[in-house]
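Notes follow the structure.
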Amino acid sequence: MVNIHLIAAARPNFMKIAPLFHALNATDWANPVLVHTGQHYDHNMSDAILEDLGVPKPDFHLGVGSGSHAEQTGSVMIAYEKICMKHRPDWIVVVGDVNSTAACAMVGAKLWIPVIHLEAGLRSRDRRMPEEINRLVTDAIADVLWTPSADADENLISEGIHEDQIDRIGNIMIDSFEMLRENIEQARAASKLALDPGNYALVTLHRPSNVDTLGSLRPIVDALLTASSELPIVFVAHPRTIKGLEKFSMKHEIEEAANVTLLEPVPYVRFMSLVTTAKVVITDSGGLQEETTYLGIPCLTLRENTERPVTVLLGTNELIDAGSLAKNLQSVLAGNWKKGKCPPLWDGHTADRAVESLKRRSTALQLSRK
Ligand code: UD1
């Protein structure tokens, strides 16, 4: 059996790991081993999502939790190295761009364990984002790069990665959505909140650059409160955002606003149900830019740049700021928003292509070791 560590750490990782776990588990040659670093630990940021996705309890839980970037990255490295020394895998698969991604990739590279990066090659070209640093580090040291779109391949090749290392497999989050489409459609989350399906805005925010300072959060909250007179808002807030709202005394304004429903994080199926029946999504998330493009739902992204340009070029996404939110919302409400197209290979079969790549590469690795 080929032993493969799948590293899961934070909320956006789980919907990328789940389809791969299920696809590997269905083979007769691969043994997927789940490693949860514990970067996210609140029930609705972690276990509830894994339950929705049918992923069993992790084989190893590092329990690292929150901390500064160095504390979190260092703690994951120290804990994960111990696991690798005792239970050396044949492969390590890291996903996305969180601190645990770069930490586990570094552990693998230094122990000469082959590392695969799932969702490789994305670049915002903004090194103020911690995720951009994680992406650069991970891609530079990974042995195999699994990319979601052609722009990612181009980025990697321009950075000197050899094309033999790259397999373009598509967007694995779409596999999770398709796997659970029926449950998502039956969840009717909007109706349960007394919202009219197709007639509300779904808001999520969590980027430090938007929520950690008064100067960035105040104009966004003002713009959202103004927008709520046009369209009801359901605001699903990350713990970091709740902290920011409390710290800058804005939480009560949102709670008291007539047309705004403030929710704590919700599990995957309920959340995707809210996405699928939204009129528009307002966000700074990476994953939601992709999910809305796949579903053809207008997406207003409160960021200066995106590592997912295909969602703007082909999809329904536009980058906006607090000052232009009202104008963009008007365009959505007037029915003038671009319709968008689904990028190639975002088809629900990405996990199968990942398994095929891993099988081919495992055979090559075994031959080279003989
Ligand atoms: C992390 C990722 C980000 C990803 C996001 C998705 C990095 C650098 N950032 O950001 O790329 O988009 O996850 O959510 O890895 N907290 C809780 N409960 C939890 C987790 C976090 O209360 O279960 C709070 C803690 O106060 C913590 C803060 O949120 O300090 C930030 O958590 P952290 O994991 O450091 O980063 P995120 O902002 O979640």
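Computed quantities for the displayed model
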| item | result |
| --- | --- |
| Of the criteria (1) surrounded by fewer than 16 Cβ atoms within 10 Å (Cβ to Cβ); (2) more than 12 Å from the ligand (Cβ to nearest atom); (3) farther than 28 Å from residue 177 by Cβ, which one residue 69 fails | (2) |
| Residues located in region 54-66, provided they are away from the ligand (no atom under 16 Å from the Cβ) and within 19 Å of the chain's Cα centre (by Cα) | 54, 55 |
| Filter result for the condition that a residue is more than 26 Å from residue 13 (Cβ to Cβ), touching a Leu at 6+ places or on another chain (Cβ under 7 Å) and without any contact (Cβ under 8 Å) to a residue 60 or more places away in the chain, over 257, 223 | 257 |
| Residue check for residue 234: buried (at least 20 other Cβ atoms within 10 Å of the Cβ), free of Cβ contacts under 8 Å to residues at least 60 places away in the same chain and either more than 13 Å from residue 224 (Cβ to Cβ) or more than 16 Å from the ligand (Cβ to nearest atom) (or both) | yes |
| Given (1) within 16 Å of the ligand (Cβ to nearest atom); (2) under 30 Å from residue 355 (Cα atoms); (3) loosely packed, with under 14 Cβ neighbours inside 10 Å, index of the condition residue 213 fails | (2) |
| Residues of region 47-66 classified as free of Cβ contacts under 8 Å to residues at least 60 places away in the same chain, of a type in the set (D, E, K, R) and either surrounded by fewer than 13 Cβ atoms within 10 Å (Cβ to Cβ) or touching a helix residue (DSSP H, G or I) at 6+ places or on another chain (Cβ under 6 Å) (or both), total | 1 |
| Single residue of region 285-305 satisfying the filter (within 13 Å of the ligand (Cβ to nearest atom) and part of a loop (DSSP other than H, G, I, E, B)) that is nearest to residue 127 (Cα to Cα) | 303 |
| Test: residue in region 106-123 that is within 13 Å of the ligand (Cβ to nearest atom) and within 18 Å of residue 46 (Cα to Cα) | no |
| Residues satisfying the stated conditions in region 19-50, i.e. in a helix (DSSP H, G or I) and away from the ligand (no atom under 16 Å from the Cβ) | 19, 20, 21, 22, 23, 24, 25 |
| Matching entry among 309, 267 (being under 29 Å from residue 133 (Cα atoms) and within 16 Å of the ligand (Cβ to nearest atom)) | 267 |
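FYI, it's all coordinate maths here, none of it is from the lab. None of the values given here were measured: they were computed from a predicted structure. Please note: Cβ atoms are built from the backbone with ideal geometry, for glycine as well, and neighbour counts cover all protein chains shown.
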